[in-house]
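Structure first, commentary second.
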């Protein structure tokens, strides 16, 4: 499959799964059931998860997925962000939606979606990343909400979710220009106007990626490391995926050994510093000379 065809197919799958997830999430639903359902739908439609389904509640902005045995559930009155990644032969689509169970917070969802539209409307070859960020921030401020300043959109390449170049969600001095053919995930995050407006590291989110091949002693750990390298390459993965493949106490100990040996990188949850609620909207777009092609629309 050619690159453009694969990007478009990944986007088509991601869009279908996003719409289905938005209708699927309900108060009281177990988070692990949401994660498993989203990842199953991706595979049924012919893709593979580009990263674990993220289900981020209220002040958690990013990087939470369920571990094995997770008994967490969607609370009443919550903001639920579902972040979905799909790849087809390594070509990635990244998209997200926010489901709101608190009417007074609906403005955060609407502002995130409006900011996403404003940002995408600026995307074209030659535009500065700062110009896109300024449009995103203006769309938030005019609606009376605030951006998360230290979260950004990001360039995406084959098998790499964050490929170096970023697109800010605020006005900035970033003079780098977008180039035709580049692929970006544009993802505004909104919060309340009196919030701190920054995220900080929280507890681990049960998401990992291969960091470096190092010497490990246990046979189970060596087999697990070979599996991770072969199955996920440079893409993030969930601990529950690996521990279902390597079950029981031996699997848990092998996973711990890989962490102790620093073969794996662990992603922390990203939480709003003042614990204010956060909404998110996201699409993936291919930059063209006169605009962009939104693969996840």
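Each peptide in 189-195, 278-284 gets a packing score, the mean of other Cβ atoms within 10 Å over its residues, and the list from highest to lowest is 278-284, 189-195. Per-residue ellipticity at 222 nm from helix content only, as computed over the chain with -39500 (n - 2.57) for each DSSP H run of at least four residues, stands at -11000 deg cm²/dmol.
Among 161, 136, 13, the order by Cβ neighbours within 10 angstrom, fewest to most, reads 161, 13, 136.
Max-minus-min Cα coordinates of the chain on each principal axis give 57, 44, 34 Å, with the largest extent listed first. Relative to the longest principal axis of the Cα atoms of the chain, helix 106-122 runs at roughly 80 degrees.
Note on the chain: GNM, Cα springs under 10 Å; of 52, 103, 236, the largest mean-square fluctuation is that of 103. What separates the Cα centres of the range 264-297 and the range 65-116 is a distance of 10 Å. The peptide list 205-216, 116-127, put in order of mean Cβ contacts within 10 Å with the highest first, becomes 116-127, 205-216. Compared with the dominant principal axis of the Cα atoms in the chain, helix 129-141 is inclined by about 70°. Here the range 28-58 is scanned for amide nitrogen atoms under 15 Å from the site 7 Å beyond the Cα of residue 76 along Cα-to-Cβ, giving 28-29. Taking the number of Cβ atoms within 10 Å of each Cβ as an exposure proxy, the fewest-first ranking of 220, 187, 9 is 220, 9, 187. As a proxy for reagent exposure, 108, 68 were ordered by neighbouring Cβ count within 10 angstrom, fewest first; the result is 68, 108.
Just so you know, all these numbers are worked out from the coordinates, no wet-lab data involved. Given the structure is predicted, the values throughout are model-derived calculations rather than measurements. We place every Cβ from the backbone using ideal geometry, glycine too, and count neighbours over all the protein chains shown.
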